[in-house]
Every structure is written in structure tokens, then in C-alpha cells.
Amino acid sequence: MPTLLDAATPVTDTVLTAIAHMPTASLPVLMDDAFARRLRDADFMRIAVLLARKSRSEGGCPIGAVIVDHASGWIVGKGHNTLVQEGHPYNHGETAAIRDAGRIDFGHTTLYTSLSPCAVCATLLYMRGFARVVVGDVTNASGTEPLLREHGVRVDILEDPQGIEDYARYRAEQPQLDLEDWQGLRSHHSE
Ligand SMILES: [Zn+2]
């Protein structure tokens, strides 16, 4: 069956936004193999940034993640932080994408995250044996990259300027929410 996105479709932000919003299991309805194989690191990172933007539009923390299978080039998991949306104290972009992917071998996948992972997510990423992690923002947060590398995960930095700008704006607008996401509500009473 012909799909909306194929070998001839230009890769634009509009197209990547549709991919970000589409449930992972339904992506084959939207795009074919030829289109999937044309997506590059920067495109997957932009999808993570657009998932972060989706979260922000829902009133949540703007962090998104995408997991891609090396052999097929297909997205096998994606998601965003749901601290606000689900009242979930530790569902970060990375954990949301991992839960979406389910019980697969992450040793043949790359995870793209719009923001440098927290210590908990970094630990989960090496414990689940990810082959590679691509980080889209080490300007607003950083520090767990050496931990990942020490445990054999290949880490590449591929900053997305739009994602960095989005996160900086959010942090300026909602500093309390940003602190809660990283340190819990205890952080509001520590002074
Ligand atoms: Zn995290």
C-alpha cells in the first residue's frame, strides 16, 4: 500500500512533527522503508526535540527521546517526559522511549535524547546495553557522558540549537518545575 511519506518526500520539520506525534506501532502506515532509510542522526534528534516540544505544549517538561534500530533504520521507541502529564516523578524522555520499545535487545539500537541524561537514565541506558547514545544538548545540562562511556556505550554529541533554545526558555519560565524534574519536590524547600 502506498504511504504518505516515501522516497520522494522532502524531510521537513512538518514531516518530522507528524512522525513525532504518531504512535510508534502506526509508523508503517505513515512511511515506507525507503523514507525510513533516508533519516539521519540530525533528523532523529529533531524528532526528539519535537517530542520535547509536544510535552511542553501539554504543560510538561520539554525532554524527548527516540530509539532507532541499526539494521532496519526504523524508530522502535519514542516518548517524552510525563512528570506533569501523568504525575509521574521519574518518567523521563529516555524511560518513556524505552517503555515504548518494550522487551527488545537494545544492543543493536541508538537512543537520541534532546537533553543530556540524568544519572538515573544514564545508569538505565548502560544497564539495558544500548550500543550508542546521541545527546542533543550539553549546554543546559551535562555530566553523565563519561559514565556511559566507562560502561562501553558510544556517546556522540549532536547539539540541536532549536532544542537548546527551547529548554533554556522553559527553564527561565518554570524554574521550579525544572528543579522538581531533576531533584524532586524536596528541592523547593532546601533553602
Ligand atoms: Zn532521566
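The values are calculated or read from the model by the stated rules, or taken from the named source; none is laboratory data. All figures in this text were calculated on a predicted structure; none of them were measured in a lab. Cβ placement follows ideal geometry from the backbone for every residue including glycine, while neighbour counts extend to all protein chains displayed. To get the accessible areas, we keep the full protein, side chains included, count just its heavy atoms, and leave off ligands, DNA and RNA. Shrake-Rupley method; radii C 1.70, N 1.55, O 1.52, S 1.80 Å.
Among the residues of the stretch 31-42, those that are part of a helix (DSSP H, G or I) and buried (at least 16 other Cβ atoms within 10 Å of the Cβ) comprise PHE35, ALA36. For the stretch 156-177, residues that are open to solvent by less than 50 Å² (accessible area, probe 1.4 Å), of a type in the set (A, V, I, L, M, F, W, C) and under 16 Å from GLY93 (Cβ atoms) total 2. Hey, among GLY93, GLY184, which residue is open to solvent by less than 70 Å² (accessible area, probe 1.4 Å), more than 29 Å from SER72 (Cα to Cα), within 16 Å of the ligand (Cβ to nearest atom) and touching a Pro at 6+ places or on another chain (Cβ under 9 Å)? Only one candidate passes the filter, namely GLY184. Scanning the stretch 96-111 for residues that are touching a residue at least 12 places away in the same chain (Cβ under 8 Å), away from the ligand (no atom under 14 Å from the Cβ) and of a type outside the set (Val, Ile, Thr) gives ASP100, ALA101, GLY102, ASP105, PHE106, GLY107, HIS108. Taking the stretch 69-83 as the range and being away from the ligand (no atom under 15 Å from the Cβ) and farther than 17 Å from SER26 by Cβ as the test, the residues that pass are HIS70, ALA71, GLY73.
Residues that are closer than 20 Å to CYS118 by Cβ, in contact with a strand residue (DSSP E or B) (Cβ under 9 Å, 6 or more places away or on another chain) and either free of Cβ contacts under 8 Å to residues at least 60 places away in the same chain or open to solvent by 50 Å² or more (accessible area, probe 1.4 Å) (or both) within the stretch 68-90 comprise GLY77, LYS78, GLY79, HIS80, listed in sequence order.
Annotation: CYS61 fulfils all but one of (1) among the hydrophobic types (A, V, I, L, M, F, W, C); (2) in a loop (DSSP other than H, G, I, E, B); (3) surrounded by fewer than 23 Cβ atoms within 10 Å (Cβ to Cβ); the unmet one is (3). If you go through the stretch 113-127 and pick out every residue that is open to solvent by 40 Å² or more (accessible area, probe 1.4 Å) and within 9 Å of the ligand (Cβ to nearest atom), you end up with 3. Yes or no: VAL11 farther than 18 Å from LEU111 by Cα, exposed (fewer than 14 other Cβ atoms within 10 Å of the Cβ) and either hydroxyl-bearing (Ser, Thr, Tyr) or in contact (Cβ under 8 Å) with a residue 12 or more places away in the chain (or both)? So VAL11 fails the test. Quick check: is even one residue across the stretch 121-142 more than 21 Å from ILE47 (Cα to Cα) and within 15 Å of the chain's Cα centre (by Cα)? Yes.
Looking at the structure I just gave you, is PHE44 aromatic (Phe, Trp, Tyr) and touching a Phe, Trp or Tyr at 6+ places or on another chain (Cβ under 7 Å)? In short, yes. Look at THR139 and say whether it is away from the ligand (no atom under 13 Å from the Cβ), of a type in the set (Val, Ile, Thr) and open to solvent by 50 Å² or more (accessible area, probe 1.4 Å). It is true that THR139 is away from the ligand (no atom under 13 Å from the Cβ), of a type in the set (Val, Ile, Thr) and open to solvent by 50 Å² or more (accessible area, probe 1.4 Å).
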